[in-house]
1. Looking at the range 310-358, which of its residues are surrounded by 14 or more Cβ atoms within 10 Å (Cβ to Cβ), among the hydroxyl-bearing types (Ser, Thr, Tyr) and more than 19 Å from ALA294 (Cβ to Cβ)?
2. How many residues are under 27 Å from the mean Cα position of the chain (by Cα), surrounded by 17 or more Cβ atoms within 10 Å (Cβ to Cβ) and assigned to a helix (DSSP H, G or I) if we restrict to the range 369-385?
3. In the range 345-365, is there at least one residue being more than 25 Å from the chain's Cα centre (by Cα) and under 21 Å from PHE224 (Cβ atoms)?
4. So which of GLY90, GLY3 ends up being surrounded by 16 or more Cβ atoms within 10 Å (Cβ to Cβ), small (Gly, Ala, Ser) and closer than 26 Å to GLY244 by Cα?
5. Of all residues in the range 452-482 being touching a strand residue (DSSP E or B) at 6+ places or on another chain (Cβ under 9 Å) and within 26 Å of PRO33 (Cβ to Cβ), which is surrounded by the fewest Cβ atoms within 10 Å (Cβ to Cβ)?
6. With the requirement that a residue be in contact (Cβ under 8 Å) with a residue 60 or more places away in the chain, surrounded by fewer than 13 Cβ atoms within 10 Å (Cβ to Cβ) and among the hydroxyl-bearing types (Ser, Thr, Tyr), what does the range 183-209 give you?
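The values are calculated or read from the model by the stated rules, or taken from the named source; none is laboratory data. All figures in this text were calculated on a predicted structure; none of them were measured in a lab. Note: ideal-geometry Cβ built from the backbone for every residue, glycine included; neighbour counts use all protein chains shown.
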Amino acid sequence: MPGLAELYQLLNSDLAYYDEHATRQPWLATAVPSVDNDLWRVFPDGTMATTWQLKPGITWQDGTPLTSDDLAFTLAVYQNRDLGLSPVRGLALVARVETPDAQTIVLHWSQPFISADGVFAAGVAGLPSAMWVLPRHLLEQPLQQDPASFLGLPYWREGFVGAGPFKMQAWIEGTAITLVANDRYVLGRPQIDRIDLRLFTDRGALMAGLLSGEVQLPIGRGLFTEDVLQIQQASQEVKVQLGGPLGLPLPVYPELNNPDPSIIANVQFRRALLMAIDRQELTDTINAGLGPVAHSWVPPDQAEGQAVDGQLVRYPYDPRAATQLLTELGYAKGGDGAFRDRGGALLTVPIATHSQNSIHAPTTLAVARTWKELGLDAVPDVRGPEAAFDLQWRATYPGFFLLSRGMAVDRPDTYFAQKAIPTADNGYQGANAAHYGSGELDGLIQRYITTVPFAERTVALGGIVHAQSDQVMLLPLFFQGSAFVLGSPRLQNVLAGQVWNAHRWDLS
C-alpha cells in the first residue's frame, strides 16, 4: 500500500533507517552493525553474528520500556510464515537469538548474508521493507491465544502503539488518520503537535489539494516527476526539489535465449544499437534532465556505484561507429537508407513495452525512432497498462523489451542469475528479463551476495557489471530522476523522500 511505510515511520521507529544515499544509519540503535565496528562478525565456518544495541531510555508510547525482549519477539513474529506478514528476506538464515541484557540482541546467522544489517532498518519507497519493532507486552498474549486473528487486532489500526515521534489518535477507515506528538520520543518531542493524514487514490485530487494549500505535504508514492514539474510551474506557494537520490534505471533488455531476429544474440549488433541512441538527449527531454545516462543498473550515487565505476564498459553516442559495426556484420544500406541483409531482407527489430509507467511509452518510441534513423526497420509494440501483468507476454517476447522496475543493489541473484530466468515451469515469475545465464556470471553473483566486507564484495560486483556492460546483456538508457514536493513554504526541515526526521519538522 503506497504510503504505508511512511505512516509506520511516523508512528514507530526501527533500529536503523536509510538516508538519501540508501545508506543505513542508526535510529533506535547506537550503531549499525559493521565489520569495522566489530558488531558484525564472520566466522571461519561461514556463520555470522550481528549485534544490535539499543539507545538508553527508549519507551513505547504507553510508557513501557522497549528492550531486547521486544526485538526477539519481533524476530519470532516475522519468522512465523503462517501469520501472513510480508516476508523479510534473510530471516530464515537466523539460526538463534541471544539477549544478554535488556539493551542488546545478538543474531546468529547460519551463512553469510550481506543485508544482515538491514533486517531492523525501516523500509521506504523503492527499498526493501524490513521488520518493524513490535511491543511484546501488547501482542504476545493475543498471538498465543488466537494466531489466526493476529493481523485483525485493533492494534494494527486505531490501537497502534509504537516508539515513533507521533501517536495514533484517530483512525477513520479508508478516509483519514490523526496523529499527535509523542512526548516520550527518544529523539525529542516533535515540533508539530498534530498531523492530519488524508488518503488519496487520485493524483489529480492530490495535486489540487497541494495547489490550494489544503494539503501541506504529500507522503508515500503517488506523484510522478511530471506532476512535480507541473506543480512547480503552477505555483510558487509549494516548495519542490528537483534532483536528489536517483530513481530506477531504465534499460532495454535484449532477448538472448531465442531472439528474433537471431542477430540480437550477436554482441556487436547490440553494441551498435546502444551506440546509436543519444541517451543524453533522452534523459534531457523525457527525464527533464534529472538523471544521468546509465552505464549499468547500479546507481552511481550509491557507494556500490562509485566502487564499480572503473569496471564499466561505456558506449558513447556514435551513429557512425554504429553504422560501421552493422556493415561489418554483413548488412548494407540501400538507396532508401535502410539496412538489408545479403538476401535483401530488411533488418527488422521489434521493441515492446507497456504503459503502466508513464515514462515507458515515450522512451520506447524515441528509441525506435533513433534506430529507424540509423537504418533499421524498428517496430515499436506499446501495449496498455494491463499488459504489465501479462507475465507470459513479457517473458516470451522475441525482440527488445523496455522495462523499468526496482533493482536492489544487493539482489543481483534475483535479476541476473540463471535461476531467475522466467519459464513456463515457474509461471514466468523470474525477473531475468534478458533470459541470459552462465556459470561464470552465477559464480560472481554468488560471491558478491555472500561476501560481507564491502571492499571485497564490490570487487565481485565490479566483475558482474563489467561482464554485463562488455556483453551488453542490457542496454541501460538513463536513471530516472527524482523530484519531490517539500510542501508548504511554512513547513521547515522536510527532507526529500524522508520521513524518519519528522520530529524535526516545523511550521514557521
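1. Passing the criteria: THR323, TYR331, THR348, SER355.
2. Number of matching residues: 0.
3. Yes; the residues of the range 345-365 include at least one that is more than 25 Å from the chain's Cα centre (by Cα) and under 21 Å from PHE224 (Cβ atoms).
4. Values: GLY90 fails: closer than 26 Å to GLY244 by Cα.
Unique residue meeting the criteria: GLY3.
5. PRO453
6. none
Here is a yes/no grid of residues against (1) farther than 28 Å from PRO261 by Cα; (2) outside any loop (DSSP other than H, G, I, E, B); (3) not acidic (Asp, Glu):
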residue	(1), (2), (3)
ARG405	no, no, yes
HIS435	no, no, yes
ALA467	no, yes, yes
LEU486	yes, yes, yes
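Yes/no matrix, rows are residues, columns are (1) over 28 Å from the mean Cα position of the chain (by Cα); (2) within 20 Å of VAL77 (Cβ to Cβ); (3) not in a loop (DSSP other than H, G, I, E, B):
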| site | (1), (2), (3) |
| --- | --- |
| LEU139 | yes, yes, yes |
| ALA205 | no, no, yes |
| LEU210 | no, no, yes |
| LEU217 | no, no, no |
| LEU229 | no, no, yes |
